[in-house]
Amino acid sequence: MTLLETTPASPVPAAAPTGRPNLAGMTRGEIAGALREFGLPEHEIRMRTNQLWHWIYFRGARDFTEMLNISKRLRATLADAFELRLPEIIEEQLSVDGTRKWLLRLAPVGPQDKGAEIECVYIPESDRGTLCVSSQVGCTLTCSFCHTGTQRLVRNLTTAEIVGQLLVARQRLGDFPGRERPVDGLVPDGEGLRAVSNIVFMGMGEPLYNLEHVAPAIETMADGDGLSLSKRRITVSTSGVAPQIERLGAETGAMLAISLHAVRDDIRNTLVPLNKKYPIRELLQACRDYPGASNARRITFEYVMLKGVNDSPAEARELVRLLKGVPAKINLIPFNPWPGAPYECSDWETIERFSDIVFNAGYASPVRTPRGRDILAACGQLKSETEKLRARARLASG
């Protein structure tokens, strides 16, 4: 395997939008509503919704002809009225460590929209496979250490577009019954072992600024008759939208992660400008009130290690003090550099000293192994460079 493998052609072909309602990515209620509007008799709607749900989310059907427990005539009728369209993979990058980054093109949502593009990342490990999904096109938070934050916010993703990322990944990785897995040996492969077992909302965007669509997407992903992911394996990471944290827990039951990165407001104001609106004290109180938080369902605090900025022993001790009373674990993240980044990663000895202080205070403090650095897929690096490359190509050809 080469250091970086790029596939410009789509491994998961996407049909051109037809204007027909797209059932792939819909919630149960939305599928039922679409069938009702289509004119299906009321007494059939529940049964047909369950059938479609099974084929779309459990079997991974890409065509109505696959739905063999539905009559041939009705399959043809449904195909005329609806479509099963997923986001299109327009580029795939494969890291030497098995991490995959996909650039996905979404269907246009209006006459002036040519199809927005987002990125999601798949990280395989020996006992799990984690899919990092996006919740917005771009981001509005401008965190100074995060490459994605240099990209302007275009719009929120719909529920179907969020769920569609998981459907694309499962199709590409052969994670539906009867589908073949890639032969590169970089996908977990064992009896009963899913290629995608965990979801983290740590891609492009701030999930709690799109909770209207994130919450039903989580419910769809966790439905036991379909994609069937445990809510304890779905983690939503926020930069600190404190007023929405309680709602996230109440509506979804998902695991919570906080992009903390500093123990003083003056430093966090620079690293995470949202802190000026919701300072550390307010954010941590929202964490203490998070529904369902316990030692069995700990909140993850993400802390990127920046050389000379937030990595001193005194700051490690202050972090321990701040988190007193919060069921927490702390992920220490070596800074992942990107072109033009204003920071450097802390020295390894510094990271180990910081970790020891936190661990000795009784908190799990794993140091996250950087993944996908060679394809700019590591934490804080996610940002599509496609538009920049296209602009250079236009200049070169002009």
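Derivation of every value follows stated rules applied to the coordinates shown; laboratory data play no part. Predicted model only: the values in this text are computed from it and were never measured. Don't worry about glycine lacking a Cβ; one is built from the backbone with ideal geometry, like all the others, and counts go over all protein chains shown.
Which ordering of THR140, THR99 is given by a fewest-first count of other beta-carbon atoms within 10 Å?
By the 10 Å Cβ count, ascending, the order reads THR140, THR99.
So who's got an amide H within less than 5 Å of the one on MET202, skipping anything under 5 residues away but keeping other chains? H placed 1.01 Å off N, in plane.
VAL133
Non-local amide H neighbours of PHE301 (under 5 Å, H modeled in plane, Pro and chain starts lacking H): which ones?
ILE258, LYS329, ILE330, ASN331
Considering all alpha-carbon pairs of the stretch 310-349, what whole percent are spaced by more than 16 angstrom?
Tail of P(r) above 16 Å: 50 percent of Cα pairs.
In the neighborhood of ILE162, defined by Cβ-to-Cβ distances under 12 Å, what is the net charge if each Lys or Arg adds +1 and each Asp or Glu adds -1?
That sum, taken over residues with Cβ under 12 Å, equals -3.
Can you compute 3J(HN,Hα) from phi for each residue in the stretch 79-96, using the Karplus curve 6.51 cos²θ - 1.76 cosθ + 1.60 with θ = phi - 60°, rounded to whole Hz and x for Gly and Pro?
5, 6, 9, 9, 9, 10, 10, 10, x, 8, 6, 9, 7, 10, 10, 10, 7, 5
Does the stretch 28-81 come out rounded, prolate or oblate by the C-alpha gyration tensor, with a ≥ b ≥ c the root eigenvalues, rounded set by a/c under 1.5 and, if not, prolate when a/b is larger than b/c and oblate if not?
Oblate, since a/c reaches 1.5 and b/c is not below a/b.
Using modelled amide H (1.01 Å from N, peptide plane; none on Pro or chain starts), what sits under 5 Å from the amide H of CYS345, excluding residues fewer than 5 places away?
The answer is LYS307.
About the Cα centre of the stretch 28-81, what is the dipole size in debye to 20, counting +1 per Lys and Arg Cβ and -1 per Asp and Glu Cβ, all else neutral?
180
Please give me the summed charge of the neighbours of SER197: other residues whose Cβ is under 10 Å from its Cβ, Lys and Arg +1, Asp and Glu -1.
0
Using the Karplus equation 6.51 cos²θ - 1.76 cosθ + 1.60 (θ = phi - 60°), what ³J(HN,Hα) coupling, rounded to whole Hz, does each residue of the stretch 23-29 give in order, writing x for Gly and Pro?
6, 5, x, 5, 6, 4, x
Please report, in debye to the nearest 20, how large the charge dipole of the stretch 62-103 is about its Cα centre when each Lys and Arg carries +1 at its beta carbon and each Asp and Glu carries -1 there.
Charge dipole, the stretch 62-103, about its Cα centre: 260 debye, nearest 20.
Counting Lys +1, Arg +1, Asp -1, Glu -1, what net charge surrounds ARG317 among other residues with beta carbon under 15 Å of its beta carbon?
So the environment of ARG317 carries a net charge of 0.
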